[in-house]
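Some notes on the structure that comes next.
Just so it is clear, none of the values below were taken in a lab; they were calculated from the coordinates. Bear in mind the structure is a predicted one, so any value in this text is a computation, not a measurement. Because the Cβ atoms are built from the backbone with ideal geometry, glycine has one as well, and the counts that use them run over all protein chains shown.
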């Protein structure tokens, strides 16, 4: 039997989602990368996990640097091959990746309600897709204080 692992979105789950205008012609990527490096994680997964992100391959070195800086060590980070990225292309990339990895994933946690619904409709019940707030509430309620 294969031990299944969790998969998480990056922005809005692992770190804050800055919602910046990436597709603007004069967008200052250097400023954005510098700003991101200062953001603390908002959630640190426990145990083995992967990240399936809407970030493009262009963002790979900065994402790896951020993860290393905050001592986050996912087994793998799956980047979006589309650039520039809109939310539907990001959601499609995530759905396609989840389907490819379905036999190894126990859950995918996503922060965008629109993307949760898109992915659920796109893949059906292949892997549970959970919104981050529901994931936190479920885990919080299971903890005894």
(Q) On C-alpha positions alone, give me the angle between the axis of helix 87-100 and the longest principal axis of the chain, in degrees, nearest 10. (A) 40
Q: Neighbouring Cβ atoms within 10 Å as the yardstick, rank 86, 11 fewest first.
A: 86, 11
Q) Where a ≥ b ≥ c are the square roots of the eigenvalues of the C-alpha gyration tensor, would you call the stretch 69-130 rounded, which needs a/c under 1.5, or, failing that, prolate if a/b is larger than b/c, or oblate? A) oblate
**Q.** Ellipticity estimate at 222 nm from DSSP helix runs (n ≥ 4, -39,500 (n - 2.57)) divided over the chain, nearest 500
**A.** -11500 deg cm²/dmol
Q) Expressed as an acute angle from 0 to 90° and rounded to the nearest 10, what is the orientation of the C-alpha long axis of helix 113-123 relative to the principal long axis of the chain? A) 60
Q: Please build a GNM for the chain, connecting alpha carbons under 10 Å apart, and tell me which residue among 123, 51, 42 fluctuates the most.
A: 42
Q. With no solvent and one point per C-alpha, what does the Debye sum give as log10 I(q)/I(0) for the chain at q = 0.12, 0.13, 0.21 Å⁻¹?
A. -0.48, -0.57, -1.46
Q) Spin-label point model (7 Å from Cα, Cβ direction): what's the residue 35 to residue 87 distance in nm? A) 1.8
Q) Expressed in nm to one decimal, what extension gain is obtained for the pair residue 114 and residue 99 from 0.36 nm per residue of sequence separation less their Cα-Cα distance? A) 3.6 nm
Q) What is the helix-to-structure angle for 60-69, meaning the angle in degrees between its Cα long axis and the longest Cα principal axis of the chain, kept from 0 to 90 and rounded to the nearest 10? A) 70
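Counting pairs of alpha carbon atoms under 8 Å apart in space and at least six apart in sequence, what relative contact order in percent does the chain give?
On the way: 195 pairs, mean separation 40.8, N = 145.
Relative CO of the chain lands at 28 percent.
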